[in-house]
1. State the volume of the convex hull built on the alpha-carbon positions of the chain, expressed per residue in Å³ and rounded to an integer.
2. Taking H placed 1.01 Å from N in the peptide plane, check which residues at least 5 places from residue 134 or on another chain put their amide H under 5 Å from its amide H.
3. Can you give me the % of accessible surface on region 35-128 that is carbon or sulfur? Probe 1.4 Å, all protein chains present, nothing else counted.
4. Within region 151-184, report the chymotrypsin sites (Phe, Trp or Tyr not before Pro) that DSSP leaves as loop and that have at most 16 other Cβ atoms within 10 Å.
5. Just to confirm, what accessible area per residue do you get for the chain at 1.4 Å probe, in whole Å²?
6. Take the Cβ-Cβ distance between residue 24 and residue 68 as r, set R0 to 45 Å, and report the resulting FRET efficiency rounded to the nearest 0.05.
7. What is the distance, in nm, between label points placed 7 Å from the Cα along the Cα-to-Cβ direction at residue 75 and at residue 172?
8. Can you compute the modelled spin-label distance between residue 16 and residue 119, with each label point 7 Å from Cα toward Cβ, in nm?
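The values are calculated or read from the model by the stated rules, or taken from the named source; none is laboratory data. Note that the structure is a prediction, hence the values are computed from the model and not measured. Ideal geometry is used to build each Cβ from the backbone, glycine not excepted, and the neighbour counts take in all protein chains shown. Note: accessible area is taken over every heavy atom of the protein model, side chains too, but ligands, DNA and RNA are not part of it. Shrake-Rupley method; radii C 1.70, N 1.55, O 1.52, S 1.80 Å.
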Amino acid sequence: NPEANYQLFAAVRRFSYLPLYCYHFEKWIKNGDSILEYGCGIAPISYSLLNYSLKKNLDITIADIQQINSHFAKWRMEEKVSFLNIKPYGNCLNKKKLYDVVFMITVMEHLPNPIETVKNIINNLKPNGIFVFDYILSEGSGLDTREAVDKRKEVLDYISSKYNLISGKFDAKMSMDITVCKLK
């Protein structure tokens, strides 16, 4: 599919200019943390953490639907990370593994079941776990879902009821930049 190839190359090009991408997030990560990059695409956070981070001994899991970007991420990070296959409307996480930090960057607007996904993530965070996300305000077209638009306020209300805001803000009416919360 030429469009899928284009999207992969565009993502690789974009993040090739940002090799130190992880530095934006390191203040919320400790040595030895267990990290999940959910909806990882080419896994820019995980790749940057593995190759450029000052943090060491990280246990990194990447998760995404089976598509060219996630295949590329698995290939380029080889055995250095674990991979979880996300199936839409499915639950790829279980309490077998708990995470210190979960990243969901440029993901929420694509979810067909955003509230269930967020609940699942909360159930897989360690006490005092950190949740880092953004939430683009969209019309629910293209790769974005109508459910993510319709349930936006409910999702943000749920997150704010379970987390203490550390950085960023909750805003149901505007696109949200990086927001960092700590599990209550």
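1. Roughly 112 Å³ of hull volume per residue.
2. Long-range HN contacts for residue 134: 104, 106, 107, 108, 179.
3. Heavy-atom surface of region 35-128 belonging to carbon and sulfur, 1.4 Å probe: 51 percent.
4. Of the chymotrypsin sites (Phe, Trp or Tyr not before Pro), the ones in loops of region 151-184 whose Cβ has at most 16 other Cβ atoms within 10 Å are 170.
5. Details: 9800 Å² over 184 residues.
Spelled out: the 1.4 Å probe surface of the chain, per residue, equals 53 Å².
6. 0.95
7. Taking the two extended label points, one gets 4.3 nm.
8. Here the answer is 4.3 nm between the modelled labels.
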